[in-house]
Structure formats: structure tokens, C-alpha cells
Amino acid sequence: MNYQNKIPDISVIIPVHNSQRYLRKCLDSVVNQTFSNFEVVIINDGSDDGSLYIMKEYEEKYSNFRLFNIKKSGVSEARNIGVRESRAKYLSFIDSDDFVLPNFLEVLYNNIKRYNTDISCCNYYLYWPQRNLYIKDIMCLPSGIYSSDKIIYSLVKDVRMHFFLWNKLWKRSLFVDNEIKFPDNRCYEDVYGCLEAFYFSDNVSVTSDSLYFYTRRKDSYESSVNLKKYSDYIYAFKYIRTFLDLHDKYNKYRISHIILGIRIILSSIPMLFSIGKDIEDKKKIFKEFKLSVKSIFYCIGNKSGGKSDMI
């Protein structure tokens, strides 16, 4: 089928940077979808391995593939370009080292249309390619239709609904009409896009079926930890407060935010311990932890808030 002149129902956005080892499996899983009317907006984010060769191969072979080349700018800018260049009413974001089941798009699309929702979500597997091991997330919301309000209670505490772009189908207008952009030079960019898109949505359909495989790579940036990444972790937490304050909604979700803050403090200990292995000055790690805890408690305090105060 020639897709070039046909308006697709779904735009699948795939940013790629040096994913040669995993890219074919990812793209093949998209090509083999049972859903047919979709395009693939693939953004080469300055790859210098064999990824670009693979992307060109798929673009030449499949008429619904559209390739965009940019200088290394990071996943946020690649996704922003993907949203801008997409043509469909609905968006799917897939990471280039992940893969999906053949009915991934079909199930999410059918649910979003059947129940007239703005976002459609599925469950997922964590996948370790080194051991060919995959584990289903058991802490997920049951299948059903949820109001945006109820979803945000779970989302803000990052329990049962998570700040992931990739296991969801999104109405494109959420991003375009509300000018949602992924931030430059920040890790945990999913937090910003997910929070804002869920806030501006009306309702969400959820299936507990696991349709997405999230790859845990030893060599990925996501699996590495450093002080910059840790700092961005705290920054994303503070952004949640800032965004909800600006919309006069923080008190409504404050308990969820406090729960997230406690979880971050607890997870900071092993994270900073891992970072400390590569840093000679161990006092710097202790100081970072002390400052982050102080920042979190200040952030969830009643007197904090407002854009200039938080960020």
C-alpha cells in the first residue's frame, strides 16, 4: 500500500541514536503490526554507528516510513520534531531499543476509539536482552476507563501509572493545542510531557494486557547514573509541584507528591552510592544527598510553590 498521500490514523515516533544492535528488532515489530493505517516518523539523532544505514533501508522499503536527520540534539528535541512532523490524529512514541507485540497499535487504537478517550495505555514487560528475560509489571491499573483526575493521583506518586511515553497512544492535539514540549538538556523528560498531557486530557482507557517490551541495556544512557542525571531527577520532582501550582491543583495531589518525594529519597541512597564509586571526593556525594533531601522537603512544604520559587 502507498501511504504517501494517505492521512494515517497513527504516527509512530521513533528517535534513534546509535541503536544499531536493537534497531531492526524494533522496526520489524512496528512493520508487523496488525493495524495498517499508520506512518513511522523516524528521527536520526546524529547516530554515528550503523543505525542510519538501517533507517534508510526501511525508508526505502516501506512507503509509510519518513526519515528525518538532525545533528545530535537529544531525545527531547527528536521527539519535539516527531510531533511537529507527524500527520496523524494519534501519536505513539517507541524507543529505538524496545519492541512491541503485533497487536500493540490495534489494541490501543480500538480502545481510544471505542471509549472515546484522549489517551490509551497498556501494560508492559521489562526485558533484559543479555539473559533473554522478560518480566511483566504486576503493579498496574486494572483495565477500565479513568478520569484524568484519578489517573493523576497515581501518576504523581508514580505508582500503577508511570511517567512513560512509550506504552501509550496519545491524541496529538494534547501536545499541539497545549504547546507541550519536551525540555532540552534534561533527563526524565517523560515526566514533563506525561504530566502535562494527562492534565489536559479528559479521560483515559487502560488495558492490563502487556504489549510493550522495555529493554534494560547495560550500555544505555538510561541505565547509567551520574550527578547530572541525579540532579535532573530532583528537578523533575520540583517541576511537578511547579506545574500543579500554576494550575492551582497542588493541594489536590499533595499527598501523591509527598509519597513520590519519599520514594525518591529512598531510591537516592543506592543511586548516589553507585555514583560515589566513580567520585574520589565522597563528601561531595553526602552533600548532594543532604541538599536533595532538603530540596524535596522544601518542595512539598506548604509555603513553597510558584514558578520562580521552584525552578
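The values are calculated or read from the model by the stated rules, or taken from the named source; none is laboratory data. Being a predicted model, the structure only gives us computed values, none of them experimental. Positions of Cβ are backbone-derived with ideal geometry, glycine not excepted, and every protein chain shown enters the neighbour counts. Only protein heavy atoms, including side chains, enter the accessible area calculation; ligands, DNA and RNA are left aside. Shrake-Rupley method; radii C 1.70, N 1.55, O 1.52, S 1.80 Å.
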Exercise. Can you give the three extents of the C-alpha atoms in the stretch 142-278 along their principal axes, from longest to shortest, in whole Å?
Worked result: 46, 35, 29
For this session: At a Cα cut-off below 15 Å, give the aspartates and glutamates reachable from residue 72, other chains included and same-chain residues fewer than 8 away excluded.
Result: 45, 48, 49, 184
Problem set entry | Accessible heavy-atom area order of 257, 247, 162, highest first, probe of 1.4 Å | 247, 162, 257
For this session: On the full set of protein chains, 1.4 Å probe, figure out the accessible area of residue 22 and give it in Å² to the nearest 10.
Result: 30
Seminar exercise, completed: the stretch 86-148: Kirkwood hydrodynamic radius (Cα pairs, Å) comes out at 13.8
Seminar exercise, completed: Note, residue 208: beta-carbon cut-off 15 Å, +1 each Lys/Arg, -1 each Asp/Glu, net +1
Seminar exercise, completed: Flagged as over-length at 18 Å C-alpha distance, from 150/181; 6/89; 238/283; 229/287, the pairs are 150/181; 238/283
Seminar exercise, completed: Eigenvalues of the alpha-carbon gyration tensor of the stretch 14-81, times 5 and square-rooted, give semi-axes in Å, largest first, of 19, 13, 10
Problem set entry | Cα-only Debye scattering, the chain: base-10 log of I(q)/I(0) at q = 0.08, 0.15 Å⁻¹ | -0.36, -1.30
Problem set entry | Point-to-point label distance, residue 56-residue 113, nm (Cα→Cβ direction, 7 Å offset) | 3.7
Seminar exercise, completed: Of 189, 57, ordered by accessible area with the largest first and a 1.4 Å probe, the sequence is 57, 189
Problem set entry | 1.4 Å probe accessible area per residue over the chain, in Å² | 49
For this session: Between residue 202 and residue 227, take the C-beta separation as r, use R0 = 35 Å, and let me know the FRET efficiency to the nearest 0.05.
Result: 0.30
Exercise. Out of the stretch 235-281, which trypsin sites (Lys or Arg not before Pro) are coil in DSSP terms and have no more than 13 other C-beta atoms within 10 Å?
Worked result: 277
Problem set entry | Anchor residue 56: lysines whose Cα lies under 16 Å away (excluding residues fewer than 8 positions away in-chain) | 25
Problem set entry | With all protein chains modelled, accessible area of residue 259 [1.4 Å, Å²] | 70
Problem set entry | For the chain, with +1 on Lys and Arg beta carbons and -1 on Asp and Glu, the positive-most of 244, 38, 75 along the dipole | 244
Problem set entry | Dmax and Rg, reported as Rg then Dmax, of the stretch 27-164 (C-alpha, Å) | 16.5, 45
